[in-house]
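What follows draws every value from the coordinates through simple rules; no lab data is involved. Computed from a predicted model, the values in this text were never measured in an experiment. With ideal geometry, Cβ positions are generated from the backbone for all residues, glycine too; neighbour counts draw on all protein chains shown.
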Amino acid sequence: MRDPDKPQQIIDAAVRVFARNGFYNSRVSDIAREAGIASGTIYLYFKTKDEILVTLFREKMAGFVNALRKEIAGEPDAPAKLRRLVRLHFETLEARPDLAEVVQVELRQGQKFFRGASAHEVSAYFGLIGSVLEEGVAAGMFRADVPVKVATKMLFGAMDQVTTSWVLGKRGYRLADAAEPVANIFLKGVTRDGI
């Protein structure tokens, strides 16, 4: 009989192993040892190491986007929502450095990942950012000529690059400290008055 908690136990162990050894240098047996289970047990839940990585991303990203959506909903306007979104993006990854390592470095090494495995989850995040931008345009707080799709990718790209630099720089500073400058620079470009 399958244990409903085992997949999460395996995924959490995989995050630690992938962050420590790198995806390609990690074996299923390393994940099993980290999880405190037999190697064969993993195959009851996942067919391959790649499936563990894709599942890890899908679950973490879906949970992250849902949490962001709830957190920013209480903010009074689009600029405040974007500021909160940027802060939460950085705080979440700073609080989970192993996960940040896997998301920013290990996942990116496979072309297959960006061509399909992550498309739905990344699109959901882009959709959330885009909806906040559209709200700001509709409220007259953001410029009417803001190209929402381009601006969405720009904001995500800025957050992504700052986080990657933080991870590769061995986390020598607080990632959350970058939230305000990133939000300010972005908002100066999209707001009507450059707030």
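Key figures for this structure:
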{"item": "Residues of type lysines that K81 reaches as a straight line, Cα spacing below 25 Å, ignoring anything fewer than 8 places off in the same chain", "result": "K60, K70, K149, K153, K188"}
{"item": "Förster radius 41 Å - calculated FRET efficiency between Y173 and H120, Cβ distance, rounded to 0.05", "result": "0.80"}
{"item": "The chain, relative contact order in percent, only Cα pairs under 8 angstrom and at least six apart counted", "result": "23 percent"}
{"item": "Under 13 Å from K6, Cα to Cα: aspartates and glutamates that are on another chain or at least 8 residues apart", "result": "E34"}
{"item": "The range 37-139 - Debye-derived log10 I(q)/I(0), Cα point model, q = 0.10 Å⁻¹", "result": "-0.36"}
{"item": "Per-residue [θ]222 nm for the chain (sum of -39500 (n - 2.57) over DSSP H runs n ≥ 4, rounded to 500)", "result": "-21500 deg cm²/dmol"}
{"item": "Dipole in debye (nearest 20) - the chain, about Cα centre, beta carbon charges: Lys, Arg +1; Asp, Glu -1", "result": "360 debye"}
{"item": "The chain: equivalent-ellipsoid semi-axes (sqrt of 5 x gyration tensor eigenvalues, Cα, Å)", "result": "35, 17, 14"}
{"item": "Unit charges at the beta carbon, dipole of the chain: most positive-side option, S131, P4, M141", "result": "P4"}
{"item": "On Cα atoms only, tilt of 6-21 relative to the major axis of the chain in degrees", "result": "80 degrees"}
